[in-house]
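Right, one structure below, let's go through it.
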Amino acid sequence: MRYLDQTAIEHIAIGAAFLGTGGGGDPYIGKLMALSAIEKNGPVKLYSVDEIADDDFFIPAAMMGAPSVLVEKFPRGDEFVKVFQKLAQYLGKEKIAGTYPMEAGGVNSMIPIVVAAQLGLPLIDCDGMGRAFPELQMVTFHLDGISATPMAITDEKGNIGIFETIDNKWTERIARTATVEMGASSLVSLYPTTGAQIKQSGVHHIVTLSEKIGEIIASKDQEVNDKLQNLLKLVEGYELFQGKIVDVIRETKGGFNLGKMNLEGIESYKNDQMKVHFQNENLLAEKNEQVVAMTPDLICLVDYETLLPVTTESLKYGKRVRVIGLPAHEKWRTAKGIETAGPKYFGYEYEYTPIEELVKKEVAEHV
Amino acid sequence: MYKIGIDVGGTNTDAILLDHNSQLIYSVKSPTSLDIKTGIEQSLQQLLEGANIDKTKITHAMLGTTQCTNAIVERKKLARVGVIRLGYPATASVLPYTAWPADMIDKLSGNYAIAHGGYEYDGQLLSALDQEEITKLLEEWRGQVESIAIVGVFSSIKNDQELQVREWIQEVYGEEFPISCSSLIGSVGLIERENATILNAALCKVIETTTQGFVQALQAEGIFDVAVYLCQNDGTLMSIDYAKQFPILTIACGPTNSIRGASYLSQIQNTMVLDVGGTTSDIGVLQDGFPRESSVAVEVGDIRTNFRMPDIISVGLGGGSIVRVNDDKITVGPDSVGYKISEEALVFGGSTLTTTDIAVCLGLADVGDSTLVAHIDEAFAKAVQEEISSLLEQAIDKMKTSSEDVSLVLVGGGGIIVPDKIRGVSTIVKSEYGGVANAIGASIAQISGQYEQIYIYSKEPRQESLKDAQNKAVKQAVLAGALEDTIELVEVEETPLAYHPENATRLKVKVVGKMV
């Protein structure tokens, strides 16, 4: 067990936004909410997965909705507690032993910290993705057959609901419709889990990993290239590209932010091109017309100079970035994982190939 | 008819006079005074004496000033602000002034309230205004606040609530009470827009004294019947009345004026501009004659904001930058002898090696006494120049949008230190009057108007939405002092909103026109 203070939160916010692969919302608002919550209630306890009991009960907390709405209309502050307690009550559980993030991303890495601070609960060092994804069933708990419901959903006005659905894709459909009606942003508590289930199906140490990533990126006494090398070593990743965004094409379809960006190479990547496709999150990267990384592996865009993560909302012509690819958690590389969040699910007609192999192939062709 | 342009910089106050063809007929440079006003008066006096013209034929006077920036950075002369956020029950999880520097909150008194109000992303009501709630608040704040900032959730979609609350405040505190509405200042992003609006509200006293000072300085010279304007940071002008409502828009107008002036002098509309001063160089990009806007949240005095700002990179390199050798490695800047260059640089008999000395040694410039730098080894001087070139190359590259070489317009007093060749630059354009490009930029500026709203294209087709936004922007421009029939559309930005089933798009348009 250790405590998360202000500095830890600053670092987690950066690191989780990095793992958010462009999605997961504005890290700034999430961070301000978490900092306000610990300022009022004191630092939050972080437990590692090994420190929790198998038969204790845990509930994640998250926000659902459009990042572009969240930057304008953010929560009242007590919804987290309400939705959390509503679900606990519905489940008939008297004691909830802790909470944890559903995904690593700008906002959703911070919401559980707010809940933990407000309720005096510990935060558990795990999540259900190891990254960010756009749909509710895209979590490792789903891969192991754990039900998303009963789930509770609320808004800042006080509307509150409980869903029990026939499967997790229905949870996604219904919750999304409710979220749109609630003003395109809602608070949800779902995937209620036991300690044993977390140990079995969660992505462990993700809060700590986020913090370490944030620490490297925020460090002021290192050169950018040293920072980058340390970062790649920590996450076992690859620098795929350095370039300038020369075009961003977007459209809104079915409540998602779809699009692609074209990058023109700079420095050692001069004369190369890259295309990155995104749907809230970055999903596919092609270098010179050849795929070099694909979902569920992570495609992270960072600012060229500062290495700060770049969200898909802030993509703009002229921005200089580095593209970093990381292998997804092994749970995503199973048949069910690829079926749930692989390239075909998002409409890209590619067989999933791990990033290590794609990078190896690209290097071989270059030599 | 003549126009006067004055640009108050950190080091110098430049004043110029243009004739009816916008040709420069006279210019003066004098040190910026501590109180700024004296400096303006002096430069105005020198200008009019030197130019020797019929003062009654002066029709326009333009002022570019850093006073608002300084007031924020130095936390001086700021008004006590009350913040009314319309959005309850939403948004209470992050209160106004969160993450502000404590000394700044103290100066502004830190009064705020989260009141009922605000809209949803699709324009539906979030919660209704409560007049009683606002009136009660105003009674509480009476005597404690000198200015009020109103910020509504999604006011960029619908701002009638903000305007309604403004009316209520005027009923209670009087017509003259300074009020800032966020929908007229920043874009989507409540915290950043709120911060920009609070700063705007805090500047009401500074802008009042600045504009008054300028008008009085003109009057002291016998100039009465002129249209007086202030420069905005997008390269356009605003009338005094408009400036009093939006003082924050003067922030960073200095570099913008240089960029605009450079465009005018070189007659190039799309180019990169390098403005070299004594201590720093600013690099900006001209797009269709206007500075490119920054796409990231900009911090003003350590406060995160989102009002429009020019996309400028500053490098610690100028005519007074100090040249050193450490372990055989040559460094240039970022420290500078600044305004003491005429005492400290070698060519002026001083003892500090500066970039100007290198320029003189290589025969690029003819200032001071060149025999005082004759001892400098040519190979060394060339190596220093290589370092200068590399500093500029990196900064220019950051501003490029494609890998192609760019043409560069060079302005500013320190321009002599810039080598003829920089990697990534195809041509360097210089002008005889580059030294006063900022004052020229100030005096040729046009008047702009902006409008931003979320439109539902499936209900209001794109063309109609564009037309509506353009009409509203034209109204803004006319309010700011533009001639209606000269107004042109110069910028359209569209951002689709996620989660909206009906193709909702945030549309932002900008128009500019000639001054009345």
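The values are calculated or read from the model by the stated rules, or taken from the named source; none is laboratory data. No experiment lies behind these values; they were computed from the predicted model shown. FYI the Cβ positions are ideal-geometry reconstructions off the backbone, even for glycines, and counts take in every protein chain you see. Remember, those area values only see protein heavy atoms, side chains included, never the ligands or the DNA or RNA. Shrake-Rupley method; radii C 1.70, N 1.55, O 1.52, S 1.80 Å.
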Query raised in the report: Within region B:156-197, how many residues are touching a helix residue (DSSP H, G or I) at 6+ places or on another chain (Cβ under 9 Å) and at positive phi?
Result: 1
Report summary line: Exactly one of B:Glu460, B:Glu491, B:Glu432 is touching a strand residue (DSSP E or B) at 6+ places or on another chain (Cβ under 8 Å) and either open to solvent by 30 Å² or more (accessible area, probe 1.4 Å) or under 30 Å from A:Gly25 (Cα atoms) (or both), and that one is B:Glu491
**Report entry** region A:27-61: number of residues that are crowded, with 24+ Cβ neighbours inside 10 Å and charged (D, E, K, R)
**Finding:** 1
Report summary line: Within region B:230-256, the residues that are open to solvent by 10 Å² or more (accessible area, probe 1.4 Å) and hydroxyl-bearing (Ser, Thr, Tyr) are B:Ser239, B:Tyr242
Query raised in the report: Only one of B:Gln385, B:Gln394 is part of a helix (DSSP H, G or I) and free of Cβ contacts under 8 Å to residues at least 12 places away in the same chain; which?
Result: B:Gln394
Report summary line: Restricting region B:87-146 to residues that are acidic (Asp, Glu) and touching a residue at least 40 places away in the same chain (Cβ under 8 Å), the one farthest from B:Thr197 (Cα to Cα) turns out to be B:Asp122
Query raised in the report: In region B:436-486, how many residues are on the phi < 0 side of the Ramachandran plot, part of a loop (DSSP other than H, G, I, E, B) and not basic (Lys, Arg)?
Result: 7
Requested in this report: Please find, within region A:284-309, the residue that is farthest from the other protein chains (Cβ to nearest Cβ) out of those that are outside any loop (DSSP other than H, G, I, E, B) and under 13 Å from the mean Cα position of the chain (by Cα).
Outcome: A:Leu298
**Report entry** Which listed residue is without any contact (Cβ under 8 Å) to a residue 12 or more places away in the chain and of a type outside the set (Ser, Thr, Tyr), from B:Asp234, B:Asp225, B:Asp241
**Finding:** B:Asp241
Requested in this report: Kindly establish whether A:Thr193 is under 23 Å from A:Ala16 (Cβ atoms) and modelled with pLDDT of 95 or more.
Outcome: yes
**Report entry** Segments classed as helices (runs of 4 or more DSSP H), wholly inside region A:1-91, with at least 3 members that are in contact (Cβ under 8 Å) with a residue 60 or more places away in the chain, more than 14 Å from chain B (Cβ to nearest Cβ) and in contact with an Asp or Glu (Cβ under 9 Å, 6 or more places away or on another chain)
**Finding:** A:6-19
Query raised in the report: Within region A:252-274, is there a residue that is open to solvent by less than 20 Å² (accessible area, probe 1.4 Å), out of contact with any Gly (no Cβ under 6 Å at 6 or more places or on another chain) and away from chain B (no Cβ under 14 Å)?
Result: no
Requested in this report: Would you please name the residue that is modelled with the highest pLDDT, looking only at residues in region B:179-210 that are assigned to a loop (DSSP other than H, G, I, E, B) and surrounded by fewer than 24 Cβ atoms within 10 Å (Cβ to Cβ)?
Outcome: B:Gly189
Report task. Considering only region A:118-132, state which residues are open to solvent by 10 Å² or more (accessible area, probe 1.4 Å) and over 19 Å from A:Gly214 (Cα atoms). Result -> A:Gln118, A:Leu119, A:Gly120, A:Leu121, A:Pro122
Query raised in the report: Take the residues of region B:211-265 that are small (Gly, Ala, Ser) and assigned to a strand (DSSP E or B): which is nearest to B:Thr56 (Cα to Cα)?
Result: B:Ala227
